[in-house]
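Data first, discussion second: the structure below is written as structure tokens.
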Amino acid sequence: MSQTKTIDLFFGPQHPGITGNFSVRVTVDGDTVVKAQVIPGFLHRGFEKLMEMRHWIQGPALICRICVPDPDHSETGYATAVERLAGIEVPERGRYIRSLMLEMSRLSAYLFYFGGYAGSIGLYTVGQWGVGDRDYILDLFEELTGARVYHIFNFPGGPRWDTPPGFEDKVDKLMDFLEKRLKEFDKLYFNNRVFIKRARGTAPMTKAYAQKMEVTGPNARATGWAIDVRKDDPYAAYPDLDFDIITQKEGDNYARVIQRRMEFEQSIDLIRQITRKLRKMPRGNVRVTPNPLHWKIPPGEAYGAVESSKGELGYYVVSDGGIGPYRMQARGPSISHGVQVYEEMVVGQRVADVAALMFSLDVCPPDIDR
Amino acid sequence: MSEQDFVERMAKFPGSEVKLLRKGQIAMKVPADKGHEAAEYLKKMGFTHLVAIEYVDWIKDNEFELVYNLFSYSSKMRVFLKVRISRDNPEYITFMDLWPVAMTHEREAHEMMGIKFKGNPNLTPFILEDWKEIPPMRKDFDSRKFVKEKYDSIPFVEDEP
């Protein structure tokens, strides 16, 4: 072409093909993206600043809002950091309940994820099924914590209370149901020719690139890089649980979706291990928390990371010996794969894949904005 | 290699102050002009993953603290590489040559704390929009006062003449 004319397009913040309140300015040449610039900040609520004015114990009520579809990982990341700083050991049953919640949260986030990616390529039924099945998980969360989306349950020191009687059986029943549903999802989605044709070979990420750009979580594992915070920097009950790190090879959209599908199965297995263990354990002793109103943490700093459904989510907390954090900073997984990595990977893709790539990377804007 | 070996190796770096905080977490303080060199030293030791760049405002000491949170996948260890710079005209050097993703973290620190990073070409507004006050994560920024001045001054519809 002798003369090219490029156009700037705004994807978001009001766009069905965007993962939440986020915006991308893409420069297109015909149907091909030549440049992209992400515009975060629509969900900036200043949590880090607000935390400096609050007590240690008030943290979970704020920071569960850092990642909307996957709030329990935020709570636990913060709780882990504070526990490490204060030297608190959570009782065994508390650790198991925590892991149970985290895996349930991962399942619900992945159900959203399946629907999100499928929606971007026109398979809307998957999203409807996903949101419908997620509701059963939210029902269980409501029974356990009293809340559906933001649970404010994993405090520094352990979960707020023990599971209600018969909860483990209900969880197991739901796992049987989800396992059965996953086979139906396979037929509808993962073996669907539309999905395979659109996703295979689209926007591949190499292992070397993932390592260079600090990509974490399922996106990194989809390239064949076996990293997992649950193994590398264990927290909750994961050191006692039996699981392997699942990886894919190709690192393209297809591998990223299939990676999550395999981890969905793994989470079901982990939850079964946890409920089996919970039934055998004596009830009652789930947390240790000193007097919450006069709770002082020794000066120092600590970092607590969790493997969220999107990657490494960590909290760096600094104490000056007072009743609240001197500084708290969140490290959202999307800060690497949602900003620079996305901007670089989307170049050369077609306009139709701008949204698909964003969904397949699972960019979560609130953890960039905070 | 055990944690103690790591501490000893880090202590060999000139001017460093190393402390084992707890299992798997080490803090290493270095003078500001040695920061980049220390980061290279740690990267060679296997701390290849830059988790984040944390920034803390120690207003009593009139200093900003930059914490480079590094993780080693081979030894499962974490190190907080800390440097302190003056609060007056805060300026530091970029670590983009070691970790390309430092660009985003530095962009955030520039916006939230007002630290300039020499060599970073992309210190443009990131999360905030039309921000004209002092950087908001500084301790002397009073968010309550800001909210009162910014939003209390908007009159109710019925109050307008």
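The values are calculated or read from the model by the stated rules, or taken from the named source; none is laboratory data. It should be emphasised that the depicted structure is a prediction, and the values quoted were computed from it without experimental measurement. All Cβ positions, even for glycine, are placed from backbone atoms using ideal geometry, and neighbour counts span all protein chains on display.
A compact table of results
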{"read-out": "Matching residues, region B:55-86, being farther than 17 Å from A:Y326 by Cα and more than 13 Å from chain A (Cβ to nearest Cβ)", "value": "B:V83, B:I85, B:S86"}
{"read-out": "Pick from region A:203-216, criterion touching a Ser or Thr at 6+ places or on another chain (Cβ under 7 Å) and away from chain B (no Cβ under 12 Å), ranking: surrounded by the fewest Cβ atoms within 10 Å (Cβ to Cβ)", "value": "A:T206"}
{"read-out": "Unmet criterion (only one of (1) within 14 Å of chain A (Cβ to nearest Cβ); (2) among the aliphatic types (A, V, I, L, M); (3) within 30 Å of B:W131 (Cα to Cα); (4) in a strand (DSSP E or B)) for B:M103", "value": "(4)"}
{"read-out": "Subset of region A:321-358 [more than 14 Å from chain B (Cβ to nearest Cβ) and either of a type in the set (A, V, I, L, M, F, W, C) or out of contact with any Ser or Thr (no Cβ under 9 Å at 6 or more places or on another chain) (or both)]", "value": "A:I323, A:V346, A:V347, A:V351, A:A352, A:V354, A:A355, A:A356, A:L357, A:M358"}
{"read-out": "Single residue of region A:113-134 satisfying the filter (small (G, A, S) and part of a helix (DSSP H, G or I)) that is surrounded by the most Cβ atoms within 10 Å (Cβ to Cβ)", "value": "A:A118"}
{"read-out": "Residue list for region A:226-246, filter: within 14 Å of chain B (Cβ to nearest Cβ) and within 18 Å of the chain's Cα centre (by Cα)", "value": "A:A226, A:I227, A:D228, A:V229, A:R230, A:K231, A:D232, A:D233, A:P234, A:Y235, A:Y238, A:I245"}
{"read-out": "Tally, over region A:278-329, of residues that are in contact with a strand residue (DSSP E or B) (Cβ under 6 Å, 6 or more places away or on another chain) and free of Cβ contacts under 8 Å to residues at least 24 places away in the same chain", "value": "2"}
{"read-out": "Subset of region B:116-133 [touching a residue at least 12 places away in the same chain (Cβ under 8 Å) and either within 17 Å of A:H44 (Cβ to Cβ) or assigned to a helix (DSSP H, G or I) (or both)]", "value": "B:T124, B:P125, B:F126, B:I127, B:L128, B:W131, B:E133"}
{"read-out": "Options A:R98, A:R45, A:R84; residue that is within 14 Å of chain B (Cβ to nearest Cβ), among the basic types (K, R) and in contact with a strand residue (DSSP E or B) (Cβ under 8 Å, 6 or more places away or on another chain)", "value": "A:R84"}
{"read-out": "Only one of B:M96, B:M113 that is closer than 17 Å to A:G41 by Cα and not acidic (D, E)", "value": "B:M113"}
{"read-out": "Those residues of region A:19-45 which are part of a loop (DSSP other than H, G, I, E, B) and small (G, A, S), in sequence order", "value": "A:G20, A:G30, A:G41"}
{"read-out": "B:A52 being modelled with pLDDT of 90 or more, within 26 Å of A:E48 (Cα to Cα), touching a His at 6+ places or on another chain (Cβ under 8 Å) and at the interface with chain A (Cβ under 9 Å from one of its Cβ atoms)", "value": "yes"}
{"read-out": "Wholly within region A:191-300, helices (runs of 4 or more DSSP H) carrying at least 3 residues that are farther than 25 Å from A:V351 by Cβ", "value": "A:207-212, A:217-221, A:229-232, A:253-280"}
{"read-out": "Residue match in region A:93-102 (condition: touching a residue at least 60 places away in the same chain (Cβ under 8 Å), surrounded by fewer than 17 Cβ atoms within 10 Å (Cβ to Cβ) and in a helix (DSSP H, G or I))", "value": "no"}
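One line per residue, one yes/no per condition, for (1) more than 30 Å from A:A226 (Cβ to Cβ); (2) of a type in the set (D, E):
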{"position": "B:K44", "(1), (2)": "no, no"}
{"position": "B:K60", "(1), (2)": "yes, no"}
{"position": "B:F95", "(1), (2)": "no, no"}
{"position": "B:E106", "(1), (2)": "no, yes"}
{"position": "B:H110", "(1), (2)": "yes, no"}
{"position": "B:K116", "(1), (2)": "yes, no"}
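Yes/no per residue for (1) part of a helix (DSSP H, G or I); (2) in contact with a Cys (Cβ under 9 Å, 6 or more places away or on another chain); (3) loosely packed, with under 15 Cβ neighbours inside 10 Å; (4) at pLDDT 90 or above:
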{"residue": "B:D5", "(1), (2), (3), (4)": "yes, no, yes, no"}
{"residue": "B:P14", "(1), (2), (3), (4)": "no, no, yes, no"}
{"residue": "B:K19", "(1), (2), (3), (4)": "no, no, yes, no"}
{"residue": "B:N69", "(1), (2), (3), (4)": "no, no, no, yes"}
{"residue": "B:L81", "(1), (2), (3), (4)": "no, no, no, yes"}
{"residue": "B:R84", "(1), (2), (3), (4)": "no, no, no, yes"}
